[in-house]
Amino acid sequence: MSVAAAHPNLALVKYWGKADAARNLPATPSLGVSLDALSSRVEVWLDTGDSVEIDGRSVDPARYRPFLAAVRRRCGTQSGFRIRARNDFPSAAGLASSSSGFAALASACTAACGARLGDAELSALARLGSASAARAVFGGFAVLPAGAEHAQPLAPAAAWPELRVVIAVVTAAAKPIGSREAMERVRRTSPAYDGWVRDSPRLYEEAVAAVRDRDLTRLGGAMRKSYHRMFATMLAADPPIRYWLPETLALLAAVEELRAQGVAAWETMDAGPQVKVVCADGDTGRVAAALAAACPGARAPVISAVGAGVRRAG
Ligand code: DP6
């Protein structure tokens, strides 16, 4: 058995749309951060066929076939894989579980075959499972340029040690439509899609410079535009896609209020109703209290530091 673990990689500037669906190449450049507080752990055994179990439930391996075929080609094997994955956070709920899941899976599957891949090759393999997983191979801050085969490290966790992400989980329920299907519908039907793809590189460059300078306000401004514009493409799709819940709006208003009070707190969202707020370590108490007050009944917000990259765990 081979074991690997990875943290989800939260996009601060979003990958949303594919330049090439068959090769799963991103249409927009993205920049993400590893979330130390959340983890996926994957165990893999060589077997006669493929089977996948996530958090104790058997899932259809069809979604995994192109990825597993690529692993077999790379490792020169005909073997099947028995896969058992566990997330210590809700799966498929907009918390980037596919990023950590496929990063850990790429590492565990190749290790089970006795192959040793460098980070770039591992990232390219993980991308075939989920493009956001290409970033999750790396710790700290990582970028996945538009059309890129693999992600690249931008800055290690130690480069911005006081940065925190406060995560408000509005609901643990799985999202109504997966991000893959949603971004394909957007590409086919949303008049806002072309503008999104054209405009994304500017926000990306802004965010890259902000991370290099550890400038939270500049990063926050780019983050905010990135997720709002991503959701604009979804609202303009046919039929429209809307992940937000009433609690989401209450949380967004609470973060805006914090900023009005002078707290550097900047939110982002993914394909789901959860709200993640980037701030400095000294402000996490205030941010978590504001999020809890805005969404009573939800579980307590999770506070995360910047995490490491994928690692073999056995
Ligand atoms: C909104 O990486 O899950 O989280 O490549 O089709 O598997 P596939 O998509 P996936 O999409 C992530 C979308 C996002 C933004 C991001 O993580 O960059």
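Some notes on this structure:
- Those residues of the range 156-170 whose amide nitrogen sits under 13 Å from the label point placed on A280, 7 Å along Cα→Cβ: 161-164
- Cα-based shape type of the range 84-198, given that a ≥ b ≥ c are square roots of the gyration tensor eigenvalues and the cut on a/c is 1.5: rounded
- On Cα atoms only, tilt of 97-112 relative to the major axis of the chain in degrees: 30
- Cα gyration tensor, the range 27-122 - rounded (a/c under 1.5), prolate or oblate: oblate
- Max mean-square fluctuation residue, GNM over the chain, Cα-Cα springs under 10 Å, options T28, T217, T77: T77
- The angle between the Cα long axis of helix 193-213 and the longest principal axis of the Cα atoms of the chain comes to about 80 degrees, rounded to the nearest 10.
- Between R202 and L235, the C-beta separation translates, for a Förster distance of 25 Å, into a calculated FRET efficiency of about 0.75.
- Percentage relative contact order, the chain, counting C-alpha pairs under 8 Å, at least six apart: 26
- Heavy atoms of V310: accessible area, 1.4 Å probe, square angstrom to 10: 30
- The stretch between R57 and A21, if pulled fully straight at 0.36 nm per residue, gains 10.2 nm over its current Cα-Cα span.
- Taking the 1.4 Å solvent-accessible surface of the range 68-160 as the whole, the part contributed by carbon and sulfur is 49%.
- Only protein atoms count toward the accessible area here, which uses a 1.4 Å probe; on the range 1-54, the carbon and sulfur part of that area reaches 50 percent.
- Partnerless cysteines, meaning none of the other Cys C-beta atoms lie under 4.7 Å away, in the chain: C109, C279, C295
- Surface accessible to a 1.4 Å probe, per residue, for the residues of the range 209-314, Å²: 43
- With R₀ set to 35 Å, the beta-carbon distance separating T77 from R214 gives a calculated FRET efficiency near 0.20.
- Listed residues I54, I303, I167, most fluctuating in the chain (Gaussian network, C-alpha, under 10 Å): I54
- Across the range 109-256, the mean sequence separation of Cα contacts (distance under 8 Å, 6 or more residues apart), normalised by length, yields a relative contact order of 16 percent.
- Helix-only [θ]222 nm of the chain, DSSP H runs n ≥ 4, -39500 (n - 2.57) each, per residue, nearest 500: -12500 deg cm²/dmol
The values are calculated or read from the model by the stated rules, or taken from the named source; none is laboratory data. What you see is a predicted model; the values in this text were computed from it and never measured. Cβ coordinates were reconstructed from backbone atoms using ideal geometry, including for glycine residues, and neighbour counts include every protein chain displayed. We work out accessible area using only protein heavy atoms, side chains counted, and drop any ligands, DNA or RNA first. Shrake-Rupley method; radii C 1.70, N 1.55, O 1.52, S 1.80 Å.
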